[in-house]
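A short write-up of the structure that comes next.
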């Protein structure tokens, strides 16, 4: 024997019938918070802001790496000498 029951109701009606909590207010609050954070972060994604943020650090890092490589090259070429040219 097979019994089929079709229930035609909205998700809200099903949630109420099953005794589940209504999370719509919490979802709306979280969505508003996410939206405000995204809008704040979009301002930091402007090309000028990215240029100012990334370029100085990368240039300094490149210069430090270059100095390190040159110092290691001078040491190995000079037989352990640490003189800078």
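The values are calculated or read from the model by the stated rules, or taken from the named source; none is laboratory data. For clarity, every value in this text was computed on a predicted model and none was experimentally measured. Every residue, glycine as well, gets a Cβ built from its backbone with ideal geometry; the counts of neighbours run over all protein chains shown.
The table that follows gives values for the structure above.
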| quantity | calculated |
| --- | --- |
| Single residue of the stretch 47-80 satisfying the filter (exposed (fewer than 10 other Cβ atoms within 10 Å of the Cβ) and not in a helix (DSSP H, G or I)) that is modelled with the lowest pLDDT | 80 |
| Residue match in the stretch 6-17 (condition: surrounded by 10 or more Cβ atoms within 10 Å (Cβ to Cβ) and in a loop (DSSP other than H, G, I, E, B)) | yes |
| Verdict on residue 84 being exposed (fewer than 10 other Cβ atoms within 10 Å of the Cβ), modelled with pLDDT under 75 and more than 24 Å from the chain's Cα centre (by Cα) | yes |
| Subset of the stretch 29-46 [modelled with pLDDT under 75 and assigned to a helix (DSSP H, G or I)] | 43, 44 |
